[in-house]
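Have a look at the structure below, then the notes.
The values are calculated or read from the model by the stated rules, or taken from the named source; none is laboratory data. Just so you know, these numbers come straight off a predicted model, no measurement behind them. Heads up, the Cβs are rebuilt from the backbone with ideal geometry, glycines too, and the neighbour counts pull from every protein chain shown. Side chains are part of the model used for accessible areas, which takes the heavy atoms of the whole protein and leaves out ligands, DNA and RNA. Shrake-Rupley method; radii C 1.70, N 1.55, O 1.52, S 1.80 Å.
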Amino acid sequence: MPAEEVPVAATGIVASSVDRFRPDDTILERRGQELELLAEALEEYVGATELDGQDVRLRRNLGRVRRALEEIYGLEFAISDDNSSESGIRIRQKVTNAHDEVTGIDVESAGASARAEVNQDIDTAHKGSKIVGARVKRLE
């Protein structure tokens, strides 16, 4: 399944800068069939004027969709009244041999409330290599 850009409605449900990010094609390929099955499972809710917040099946499937999309886009989606996470960027790097510099995030500026998580798994860092989680030149 080729990657496609997915338009994001300005609902305040996801990070406002999400439209700058693109899906990871490898993860999308791996999780694409799962998303298709979840879309079918959620079809019965399309057009509903009210949803039952206690509907275990709905909550479970929406959680699965959320986790899949977070992995595909490398972001965490914050949903109103959801204290389990905040919007942010999640970077995962797997490096077998680091010879030069490996940087998770390198930005000119970030807001004081910006949230980022960098997970770097480096098997071997050779002499002279430099491992940087995040480099932020200016916090605003």
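Would you pick out the residues in region 85-126 that are outside any loop (DSSP other than H, G, I, E, B), closer than 16 Å to R138 by Cα and open to solvent by less than 40 Å² (accessible area, probe 1.4 Å)?
Of all residues in region 85-126, those outside any loop (DSSP other than H, G, I, E, B) come to 88-98, 101-110, 116-125.
Right, trim to closer than 16 Å to R138 by Cα and you get 105-110, 116.
Scanning region 85-126 gives I105, A110.
Quick check, is S80 open to solvent by less than 40 Å² (accessible area, probe 1.4 Å), farther than 30 Å from H126 by Cβ and at pLDDT below 90? If you could, list the steps in order and put the result at the bottom.
Details: open to solvent by less than 40 Å² (accessible area, probe 1.4 Å): no; farther than 30 Å from H126 by Cβ: yes; at pLDDT below 90: yes.
So S80 does not fit the description; no.
Between a residue in region 105-116 that is closer than 13 Å to I89 by Cβ and any residue that is of a type in the set (S, T, Y), which pairs come within a Cβ distance under 8 Å, given they are 6 or more apart or on different chains?
R115/S87
Hey, among the residues in region 40-55 that are in contact with a helix residue (DSSP H, G or I) (Cβ under 8 Å, 6 or more places away or on another chain) and small (G, A, S), which one's least open to solvent (accessible area, probe 1.4 Å)? Explain how you work it out, then say what you get.
We begin by selecting, within region 40-55, every residue in contact with a helix residue (DSSP H, G or I) (Cβ under 8 Å, 6 or more places away or on another chain); these are 41-42, 45, 51-53.
This time we only want the ones that are small (G, A, S), so: 41, 53.
Working: A41: 26, G53: 42 Å².
Here the residue is A41.
Collect the residues in region 22-39 that are in a helix (DSSP H, G or I) and open to solvent by less than 70 Å² (accessible area, probe 1.4 Å), keeping them in residue-number order.
Going through region 22-39, the residues in a helix (DSSP H, G or I) turn out to be 25-39.
Listed by number, the residues that qualify are I27, L28, R31, G32, E34, L35, L38, A39.
A134: closer than 23 Å to F77 by Cβ and in a loop (DSSP other than H, G, I, E, B), yes or no?
On the way: closer than 23 Å to F77 by Cβ: yes; in a loop (DSSP other than H, G, I, E, B): no.
Answer is no for this residue.
Are there any pairs with C-beta distances below 7 angstrom linking a residue in region 58-79 that is within 19 Å of A41 (Cβ to Cβ) to a residue that is among the small types (G, A, S) and open to solvent by 20 Å² or more (accessible area, probe 1.4 Å), with the two at least 6 apart or on different chains, and if so which?
N61/A41
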